[in-house]
1. Is it the case, given these coordinates, that Tyr115 is surrounded by 20 or more Cβ atoms within 10 Å (Cβ to Cβ) and under 21 Å from Gly61 (Cβ atoms)?
2. With a cut-off of at least 1 residues that are among the hydrophobic types (A, V, I, L, M, F, W, C) and free of Cβ contacts under 8 Å to residues at least 24 places away in the same chain, name the strands (runs of 3 or more DSSP E) lying wholly within the stretch 153-247.
3. So Asp107 clears everything in (1) at negative phi; (2) touching a Pro at 6+ places or on another chain (Cβ under 8 Å); (3) at pLDDT 95 or above; (4) open to solvent by 30 Å² or more (accessible area, probe 1.4 Å) except one condition, right? Which one?
4. Residue under question is Leu105, and the condition is that it be farther than 20 Å from Phe152 by Cα and not polar (S, T, N, Q); does it hold?
5. I'm checking my understanding of the structure. Among residues of the stretch 260-283 that are open to solvent by 60 Å² or more (accessible area, probe 1.4 Å) and assigned to a loop (DSSP other than H, G, I, E, B), which one is nearest to Pro228 (Cα to Cα)?
6. For residues in the stretch 120-142 being open to solvent by less than 10 Å² (accessible area, probe 1.4 Å) and closer than 21 Å to Ile82 by Cα, which is nearest to the chain's Cα centre (by Cα)?
7. Of all residues in the stretch 248-259, which are open to solvent by less than 30 Å² (accessible area, probe 1.4 Å) and outside any loop (DSSP other than H, G, I, E, B)?
Amino acid sequence: MAELRDGRARLVLAPDKGGAIARYDALVGSARVPLLRAGDGTGTSGCQLLVPWSNRISGGGFTFDGLFHAIEPNVPGETFPIHGDGFQKPWRLASHTDTEAELTLDDGAIGPYRYAASVTYTLQDGALEARLIVENRAGMRLPYGLGFHPWFPRGARTTLEAKAERVWLEDERHLPVGVAPVAEHPWWDFSQTSLLPAGWVNNGFSGWDGHATIVQPGRISVSLTASPTLDVYILYSPSSDAGFFCFEPVSHPVGAHHGEGLTVLEHGQAMSATMRLDWTVTD
């Protein structure tokens with residue numbers, strides 16, 4: 001583990017577990033208030049890095065530039081490969097100060113992808129900024145994607161505001177089966193501050209403006225800002241009593257390998273994305 005502090009927040013990183021965030025706590029007086037669901041960064045807490053793509057690839061792989069690239073499932077119990085392999089590999093702690101750390105991955109390799117990646121985590125006045133970079137080293141051009149997978153605490157009165165134009169509908173395999181205006185599904189309309197749905201939600205939202213606000217009444221309000229590269233978010237919450245939900249800023253919709261939304265990188269080219277989390281204490 002590597003720890004950052006700036007007097008207003010504490011950030012604990014897990015380089016060996018995919019370069020993930022294990023804890024991000026606000027320091028309020030003598031109390032530590034968890035801004036993310038605390039854990040060890042192994043996959044159901046904190047925040048994982050999504051590289052070289054986000055979410056699922058169906059069909060056993062994808063066709064690009066006339067070639068079919070096979071990719072095997074990479075998570076037990078999952079039918080399809082999901083979230084690349086960056087979250088499954090140890091990252092190297094390249095540099096570390098009290099308020100900033102850089103982690104690197106030199107041997108990303110899944111399916112046709114060969115890549116290097118780095119992430120820089122910075123604390124400033126309690127706020128967290130994470131900048132993720134991927135470089136194509138596959139020897140051919142390929143479509144890439146990036147994202148962040150933060151897990152937030154969820155209580156009975158947790159609210160979300162995140163304006164989007166469209167929602168992607170999913171089937172029982174968690175694959176997209178169409179897209180609709182958010183206005184046609186008002187229970188998924190977060191253009192105004194709203195309680196999270198009581199039941200299952202695992203949908204992508206596009207036409208997002210890159211801003212979201214999560215309020216834990218009586219505790220903390222978190223403002224999430226994503227760079228323009230991350231113009232889609234995935235909202236995952238299994239139920240109202242799960243105790244958590246995920247709000248994932250990503251660069252492309254689910255199934256983009258069979259559609260559009262990925263960024264084509266020539267060998268040696270790179271792309272980057274940034275997520276920032278600010279917080280204030282609520283009344």
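The values are calculated or read from the model by the stated rules, or taken from the named source; none is laboratory data. Remember, it's a predicted structure, so these values are computed and weren't measured experimentally. Here the Cβ is made from the backbone with ideal geometry for all residues, glycine too, and neighbour counts use every protein chain on show. All accessible areas refer to the heavy atoms of the entire protein, side chains included, with ligands and DNA or RNA removed. Shrake-Rupley method; radii C 1.70, N 1.55, O 1.52, S 1.80 Å.
1. Working: surrounded by 20 or more Cβ atoms within 10 Å (Cβ to Cβ): yes; under 21 Å from Gly61 (Cβ atoms): yes.
The answer is yes for Tyr115.
2. Working: elements: 159-161, 166-170, 176-181, 201-206, 211-216, 220-226, 232-237.
Because the criterion is at least 1 residues that are among the hydrophobic types (A, V, I, L, M, F, W, C) and free of Cβ contacts under 8 Å to residues at least 24 places away in the same chain, the strands (runs of 3 or more DSSP E) in the stretch 153-247 that meet it are 176-181.
3. Only one criterion is unmet by Asp107, namely (2).
4. Yes, satisfied.
5. Glu260
6. Filtering the stretch 120-142 for residues that are open to solvent by less than 10 Å² (accessible area, probe 1.4 Å) and closer than 21 Å to Ile82 by Cα, the one nearest to the chain's Cα centre (by Cα) comes out as Leu132.
7. Residues satisfying the conditions are Glu248, Pro249, Val250, Ala256, His257.
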